[in-house]
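Everything below concerns the one structure shown next.
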Amino acid sequence: MNRRNEVLRAVAEAAKILTEFPTGNRTSFDIVGAITERGIPLLFRPLENLLGTVVAIGGISGIMVTTQRDLHVQRFTLAHELGHILLGHQLSLDRTIEVAGRNAPAARPVEEVAADTFASELLGPKRLVMESAKRQGWTKQKLHQPDNIYQLSLRLGISYQAACWALVTSKVLSSSQAKGLQGAPVKNQKQALAPTEFIVNSWADVWALTKADTETSLEAGPDDLFAVHVQDHASAGYLWQLVDTGSSAKIVGERCPNPDFAYGEQSTRVVYVRFNDRGKHRLVFEHLRPWNKATLDHIEIDVDGHGKEHVGHARRFRLEAVARAA
Ligand SMILES: [Zn+2]
C-alpha cells in the first residue's frame with residue numbers, strides 16, 4: 001500500500017466529512033455527533049491497554065474507545081477509528097495513536113498513518129484553525145508561541161501536541177518547529193494564566209477567554225477553569241460582572257493580569273470562573289453600571305462542561321433516552 005496515496009485518500013475523506021457536518025458556533029468538530037449521525041455503533045469501555053478499536057458485529061463496523069484517557073485523547077481516538085472505517089481498513093487494535101499524522105515516522109504502518117492523518121485533518125483542519133486565529137487575533141507569528149497554541153488546542157478539542165502538528169498541516173509551523181514546540185510543558189501555560197491554587201487537578205485546563213469568544217460554543221472538562229479577561233471603563237462607572245443565569249458558575253477569584261502576559265486585548269482584570277456541576281452552561285458577563293444596570297457590552301459563551309465520555313453509550317444517547325423516559 002502506497003503511503004502517499006493512502007494519506008491523500010485520508011485527507012479527501014476528512015474534507016468530505018467536514019463538509020457534511022458543519023460546526024456552527026462550535027470551535028471544535030463534533031466527532032461524537034458525526035459518528036452517531038452516520039449510524040455507526042459507538043461504545044465506551046474501561047480498556048486498559050487499548051485506546052480504541054473498530055469491532056465488527058454481524059457485518060456492521062462499530063467503534064469502541066477507552067474511558068481511561070482524557071477528552072482530547074478520546075476525541076482523537078474516535079476520529080482515528082472513524083478514519084479506519086471510512087477508509088475500509090482491516091480491523092486494528094490501537095495501542096498508540098500518532099498525533100503527527102502524515103509526519104509520523106516511516107516505521108508506522110501505512111493504514112495507521114492514514115487513520116492518524118484523517119483524525120488530524122478532521123479535528124485540526126486549516127479552516128477551524130483559521131476561524132479561531134481570526135477571532136483571537138493570532139497572527140502566524142503568535143501561533144509560534146506555546147501559550148497561544150495551547151489556547152488553540154482547547155478550542156479545537158485536541159491535545160497541545162496534536163495542535164502543534166495541525167499547525168504544520170496548516171503551514172503555520174514547519175515539522176522541525178513542531179518537534180521543538182511539542183515538548184513545552186502544558187503545565188507552564190496553565191500556571192502562566194492562573195494561580196496554582198485555582199487549578200483543582202492536573203487534568204483541568206485553563207481557558208483564557210475574552211470578548212472575542214462571544215457567541216462561540218466550547219467543549220470543556222468539568223474541572224476546567226475559565227480566566228475571563230475584561231477591561232473595565234471604570235471612569236464612566238462601568239464594571240464587567242458575571243450575570244447569574246441560574247447556572248452553577250462560581251467566581252473562584254480575581255487578579256490583575258501579569259503585565260508581561262500578552263493574551264488577547266489589554267485587560268484590567270482577570271475573573272476566574274468554574275462551574276459547580278457537569279453539564280451545559282452559558283457563561284454570561286455584562287459590562288454595566290451596577291446602580292442603573294445600563295449595559296455597554298456583553299460576553300456570552302456556551303460551555304459544554306461534561307468532559308470525557310464514561311462507560312456505556314455516548315452521553316447524548318443516554319441523555320436522549322432519559323428525556324424520552326421522562
Ligand atoms: Zn489505528
- Message: From Cα pairs below 8 angstrom and at least 6 apart in sequence, can you work out the relative contact order of the range 127-184, rounded to a whole percent?
- Response: 29 percent
- Item | Percent RCO, i.e. relative contact order, over the range 3-125, from Cα pairs under 8 Å lying at least 6 residues apart | 32 percent
- Query: Got the relative contact order for the range 188-304 handy, in percent, Cα pairs under 8 Å and 6 or more residues apart?
  - Reply: 30 percent
- Note on the structure: residue 15 neighbourhood, Cβ < 12 Å, K/R = +1, D/E = -1, net charge +1
- Test item: Cα-centred dipole of the range 123-259, Lys/Arg +1 and Asp/Glu -1 on Cβ, debye: 760 debye
- Note on the structure: Sorted largest first, the C-alpha extents of the chain along its principal axes in whole angstrom are 68, 54, 35
- Task: Starting from the range 145-180, pick out the trypsin sites (Lys or Arg not before Pro) whose DSSP state is loop and whose Cβ has at most 13 other Cβ atoms within 10 Å.
- Result: 171
- Message: For a quick check: with amide H placed at 1.01 Å from N, whose amide H comes under 5 Å from residue 26's, ignoring anything fewer than 5 positions away on the same chain?
- Response: 217
- Query: Which of the residue pairs 140/280; 190/308; 140/190; 140/308; 140/179; 134/179 have a Cα-Cα distance greater than 29 Å in the structure shown?
  - Reply: 140/280; 140/308
- Task: Calculate how many DSSP beta bridges within the chain are antiparallel, expressed in % of all such bridges and rounded to the nearest 5.
- Result: 75 percent
- Using mean Cβ contacts within 10 Å as the protection proxy, how do 144-153, 308-317 order, highest first? 144-153, 308-317
- Task: For the range 127-184, restrict the atom set to alpha-carbon positions and state the Rg and Dmax in Å.
- Result: 9.8, 27
- Cβ under 11 Å from residue 44's Cβ, residue 44 left aside: what net charge do those residues give with Lys, Arg +1 and Asp, Glu -1? +4
- So, with +1 on the Cβ of K and R and -1 on the Cβ of D and E, and no other charges, what is the size of the charge dipole of the chain about its Cα centre, to the nearest 20 debye? 400 debye
- Query: How far is helix 315-325 tilted, in degrees, relative to the longest principal axis of the Cα atoms in the chain, given as a value from 0 to 90 rounded to the nearest 10?
  - Reply: 80 degrees
- Message: Using only DSSP helix segments of four residues or longer, with each worth -39500 (n - 2.57), what per-residue ellipticity at 222 nm results for the chain after dividing by its residue count and rounding to 500?
- Response: -10500 deg cm²/dmol
- Item | Straight-distance crosslink candidates among lysines, where the alpha carbon sits under 25 Å from residue 293 and sequence neighbours closer than 8 are dropped | 211, 250
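Only the coordinates and a few stated rules stand behind these numbers; no lab work does. For clarity, every value in this text was computed on a predicted model and none was experimentally measured. Positions of Cβ are backbone-derived with ideal geometry, glycine not excepted, and every protein chain shown enters the neighbour counts.
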